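Taking it in order: structure first as structure tokens, then the write-up.
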């Protein structure tokens, strides 16, 4: 091919390959197969090899890795690269808005811009005469490192744009699916992306499927963030989203966007832990200035954490339906993935030994599959002096002195000696149906054995799935007795709370303790959410009984059974006088009241049928706030959107209606 023809062909190939890159990376659509695109790139490379004088810096072939560097050169940013302050609730977002409205002309912020927060390596790309020539990491915000050779290998970065001079900022990331294939020694996708870019040999970065996601166009300047964002896409840059980036005209709309993104992010190709919120007007944004290293005009709203830290207050052992002894760590309540978590399984004696988990330790907790809380790590550097290794056998003897346990050879689990899962289940059902409990006629020992041995009943919840025809097919039953049994079982669907607590068969919890628990907590939901401190407030509940209660409500099998029973319409009635005005409500008193002491205030609430607890949960009706309230309680209440009552409102609440 003649040089003139080659020049024309090279120009067309570059345009088509760039067009393919734009559609594939920016518009998330393909105008040809990957194989076809590779073929075009191969042809371009051959032509450029034949006519090297026709090679230009913006050619798609110039993404190839160059010579390894001895070190990265330092580069001073023309405009500081900042980081953002984090906020964790809508209340904190409102506080940020109110602070800024005191500083802006007219005292009103008209528009907000929201964007998906990315978890990657911040980087600035620079263009001169429309051609990419330099990439610089954020560094300390003032000075970064020149990583041009590595960044140039990233396929979705345009090497040529339709603007003479530009600076584009964004995050270098790796998709979650690619990370799973390559993660190796890296803890998370961000570490892998950052580690790839900070390799002195560009060939390493070239082998990794990195992406650049743009979020800011510094040059040329645009009057609003939204206009800058739209311009980025026109110039050929991939952005976090086309349909999940918004201009919000009011605060309520912005909160709707946050809620929408919280659901949408589960399907994102890359990791995100929140939403960036900016004042859309860039002049107002710039005029507000920077405090420390963060701008006043933007914050990062963080979604509920998937990991959190807390302190182990106790380790209790739960005996499950198979007779297995499972240790459970109880800790100070924390918010994790949108829910309040108070305990996590430690699985068995070997796992406790591996973690070296002790009472008093600070631990990292996470949710496996966003469902089950697990202890990930013990932060031994924060361990207080005097902590003792957990003695599993000693704990078993303390909590279950009347039982014997054995650990079969080759197993990690201690089990109740001489007990089988069927035998334990039969005893549990017999007690559930006994006179001190729910008094279900027809569920005596022999009938329970028949139901369990037949396979019709594998848990207490299965009782409520039975029908007369299946029961009548068993040897011990006829049509009438089967019908009577089903009727008796159905009549037990909404028992008194104290009776239901008794029926659960929690070790050390008899009828009298069940009544005390019922009066203290008022509902089963409140009891499930209880803490050691709340239990020890009850006169006839000591440490051993409290540990037993906490262990029962920490057991995954027990909680699943209760959820299943609730789905079947089986749930106890709240236990308080229906005529009392605060029946079924739960309150917390914090701070100092001028009209009476805290204990007197709590007594008055209980007299009106309310439950009074010391810990804020999702079931708390309201927080009664006096002077100098506890910050942890008010913060927790705000996070859970629990309303506050002033002392005046409290006095009105407890004053009987005329």
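Miscellaneous remarks
- Residues in segment 138-152 that are surrounded by fewer than 22 Cβ atoms within 10 Å (Cβ to Cβ) and closer than 13 Å to residue 194 by Cα were compared, and the one that is modelled with the highest pLDDT is 145.
- Test: residue in segment 480-493 that is in contact (Cβ under 8 Å) with a residue 40 or more places away in the chain, on the phi > 0 side of the Ramachandran plot and outside the structural domain of residue 612 (by TED's automatic domain parsing): no
- Candidates 257, 264 - the one that is surrounded by 19 or more Cβ atoms within 10 Å (Cβ to Cβ) and under 14 Å from residue 117 (Cβ atoms): 257
- Residue check, residue 639 crowded, with 17+ Cβ neighbours inside 10 Å, over 20 Å from residue 607 (Cβ atoms) and touching a residue at least 60 places away in the same chain (Cβ under 8 Å): yes
- In segment 476-492, residue surrounded by the most Cβ atoms within 10 Å (Cβ to Cβ) [restricted to those that are touching a helix residue (DSSP H, G or I) at 6+ places or on another chain (Cβ under 7 Å) and not in a helix (DSSP H, G or I)]: 477
- For residue 551, the requirement of being within 24 Å of residue 344 (Cβ to Cβ) and either in contact with a helix residue (DSSP H, G or I) (Cβ under 6 Å, 6 or more places away or on another chain) or buried (at least 21 other Cβ atoms within 10 Å of the Cβ) (or both) is met.
- Residue within segment 162-177 that is surrounded by 19 or more Cβ atoms within 10 Å (Cβ to Cβ), out of contact with any strand residue (DSSP E or B) (no Cβ under 7 Å at 6 or more places or on another chain), closer than 23 Å to residue 131 by Cβ and modelled with pLDDT under 95 present: no
- Look at (1) modelled with pLDDT under 90; (2) closer than 26 Å to residue 16 by Cα and you find that residue 199 fails only one, number (2).
Yes or no, residue by residue, for (1) within 18 Å of residue 525 (Cβ to Cβ); (2) touching a helix residue (DSSP H, G or I) at 6+ places or on another chain (Cβ under 9 Å); (3) assigned by TED's automatic domain parsing to the domain that holds residue 642:
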site: 565; (1), (2), (3): yes, yes, no
site: 569; (1), (2), (3): yes, yes, no
site: 580; (1), (2), (3): no, yes, yes
site: 603; (1), (2), (3): no, no, yes
site: 612; (1), (2), (3): yes, yes, yes
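- Qualifying residue in segment 89-99 (condition: surrounded by 12 or more Cβ atoms within 10 Å (Cβ to Cβ) and farther than 23 Å from residue 246 by Cβ): no
- Qualifying residue in segment 89-107 (condition: in contact with a helix residue (DSSP H, G or I) (Cβ under 6 Å, 6 or more places away or on another chain) and closer than 18 Å to residue 218 by Cα): no
- Set 396, 336: member being modelled with pLDDT under 90 and under 24 Å from the mean Cα position of the chain (by Cα): 336
- Scanning segment 507-521 for residues that are closer than 22 Å to residue 319 by Cα and either under 26 Å from the mean Cα position of the chain (by Cα) or surrounded by 21 or more Cβ atoms within 10 Å (Cβ to Cβ) (or both) yields 514, 517.
- Count of segment 376-405 residues which are touching a helix residue (DSSP H, G or I) at 6+ places or on another chain (Cβ under 8 Å) and assigned to a helix (DSSP H, G or I): 3
- Search result, residues across segment 2-31 that are surrounded by 12 or more Cβ atoms within 10 Å (Cβ to Cβ), in a loop (DSSP other than H, G, I, E, B) and at pLDDT 75 or above: 31
- Residue 524 vs. criteria buried (at least 21 other Cβ atoms within 10 Å of the Cβ), out of contact with any strand residue (DSSP E or B) (no Cβ under 8 Å at 6 or more places or on another chain) and under 21 Å from residue 435 (Cα atoms): yes
- Residue 435 touching a residue at least 60 places away in the same chain (Cβ under 8 Å) and either loosely packed, with under 15 Cβ neighbours inside 10 Å or in contact with a helix residue (DSSP H, G or I) (Cβ under 8 Å, 6 or more places away or on another chain) (or both): no
- Any chance residue 533 is out of contact with any strand residue (DSSP E or B) (no Cβ under 8 Å at 6 or more places or on another chain) and part of a helix (DSSP H, G or I): yes
Residue by residue, here is whether (1) modelled with pLDDT under 85; (2) assigned by TED's automatic domain parsing to the domain that holds residue 388; (3) closer than 28 Å to residue 212 by Cα; (4) assigned to a strand (DSSP E or B) holds:
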position	(1), (2), (3), (4)
252	yes, no, no, no
259	yes, no, yes, no
271	yes, no, yes, no
275	no, no, yes, yes
287	no, no, no, no
311	no, yes, no, yes
317	no, yes, no, yes
322	yes, yes, no, no
329	no, yes, no, yes
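- Scope segment 582-610; condition surrounded by 13 or more Cβ atoms within 10 Å (Cβ to Cβ) and in a loop (DSSP other than H, G, I, E, B); matching residues: 582, 583, 584, 585, 591, 593, 596, 608, 609, 610
- Hits in segment 203-238 (condition: touching a helix residue (DSSP H, G or I) at 6+ places or on another chain (Cβ under 8 Å) and closer than 24 Å to residue 180 by Cβ): 204, 205, 206, 208, 209, 210, 211, 212, 238
- Within segment 294-307, at least one residue is crowded, with 18+ Cβ neighbours inside 10 Å, modelled with pLDDT of 80 or more, outside any strand (DSSP E or B) and assigned by TED's automatic domain parsing to the domain that holds residue 98.
- Note on segment 504-514: residues that are more than 15 Å from residue 528 (Cα to Cα) and part of a helix (DSSP H, G or I) amount to 3.
- Among the residues making up segment 154-173, those that are part of a strand (DSSP E or B) and either free of Cβ contacts under 8 Å to residues at least 12 places away in the same chain or more than 40 Å from the chain's Cα centre (by Cα) (or both) are 160, 165.
- Enumeration of residues in segment 438-473 that are part of a helix (DSSP H, G or I), touching a residue at least 24 places away in the same chain (Cβ under 8 Å) and within 36 Å of the chain's Cα centre (by Cα): 460, 461, 463, 464, 465
The values are calculated or read from the model by the stated rules, or taken from the named source; none is laboratory data. For clarity, every value in this text was computed on a predicted model and none was experimentally measured. Methodologically, a virtual Cβ is constructed for each residue, glycine included, from the backbone with ideal geometry; neighbour enumeration extends over all protein chains shown.
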